[in-house]
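The values are calculated or read from the model by the stated rules, or taken from the named source; none is laboratory data. All values derive from a computational prediction rather than experimental measurement. Glycine gets a Cβ as well: all are built from the backbone with ideal geometry, and neighbour counts include every protein chain shown. Please note that ligands, DNA and RNA were not included when accessible areas were found on the heavy atoms of the full protein model with its side chains. Shrake-Rupley method; radii C 1.70, N 1.55, O 1.52, S 1.80 Å.
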Amino acid sequence: MYAIVKTGGKQYKVAVGDVLAIEKLDAEPGDKVELPCICTVDDGKVEADPAVAAGTKVEAVVMEQFKGKKQLVFKFKRRKNYKKLNGHRQQLTRVKIESIA
């Protein structure tokens, strides 16, 4: 059984026991959070009805808060002697999926 959850403007396919890094959640390590479910699949049976899927609870435990890899942001305008280099590290949360009910 697996589910499709939506968080941080992205959708993730999750199953029990999966560990994934998502956009930062306002929770401390060890806290339990509930992720909104869009769709569930159980032994080939797909449940994509929004009313039924919204009733499905996907519980996860926050493992840690961390920063992602550095992404370089480079701006350049040709023939104008303009170059600008910035870096960005996204705040992320690592969660472990505990149950899909």
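Which of the residues that make up the stretch 69-101 are open to solvent by 90 Å² or more (accessible area, probe 1.4 Å), within 30 Å of GLU34 (Cα to Cα) and in contact with a strand residue (DSSP E or B) (Cβ under 6 Å, 6 or more places away or on another chain)? Give the derivation first.
Residues of the stretch 69-101 open to solvent by 90 Å² or more (accessible area, probe 1.4 Å): 69-72, 74-81, 83-85, 89.
Checking the rest, the ones that are also within 30 Å of GLU34 (Cα to Cα) come to 69-71, 89.
Of everything in the stretch 69-101, those that are open to solvent by 90 Å² or more (accessible area, probe 1.4 Å), within 30 Å of GLU34 (Cα to Cα) and in contact with a strand residue (DSSP E or B) (Cβ under 6 Å, 6 or more places away or on another chain) turn out to be LYS70, GLN71, ARG89.
Would you mind finding the one in GLY8, GLY44, GLY30, GLY68 that is under 16 Å from the mean Cα position of the chain (by Cα) and on the phi > 0 side of the Ramachandran plot?
Within the list GLY8, GLY44, GLY30, GLY68, the selection yields GLY8.
Within the set of pairs 6 or more residues apart or between chains, which connect a residue that is closer than 13 Å to LYS24 by Cα inside the stretch 50-73 to a residue that is among the charged types (D, E, K, R) and surrounded by 11 or more Cβ atoms within 10 Å (Cβ to Cβ) with Cβ atoms less than 7 Å apart?
VAL62/ASP31; MET63/ARG94; MET63/LYS96; GLU64/ARG94; GLN65/LYS24; PHE66/ARG94; LYS67/ARG89; GLY68/ARG89
Which members of the stretch 14-65 meet the condition of being of a type in the set (A, V, I, L, M) and part of a loop (DSSP other than H, G, I, E, B)?
Once the filter is applied, which keeps residues that are of a type in the set (A, V, I, L, M) and part of a loop (DSSP other than H, G, I, E, B), the stretch 14-65 yields ALA15, VAL16, LEU25, ALA27, ALA48.
Restricting to the stretch 19-60, name every residue that is open to solvent by 60 Å² or more (accessible area, probe 1.4 Å) and within 21 Å of GLN91 (Cβ to Cβ).
Hits for the stretch 19-60 are VAL19, LYS24, ASP26, GLU28, PRO29, ASP31, LYS32, GLU34, PRO36.
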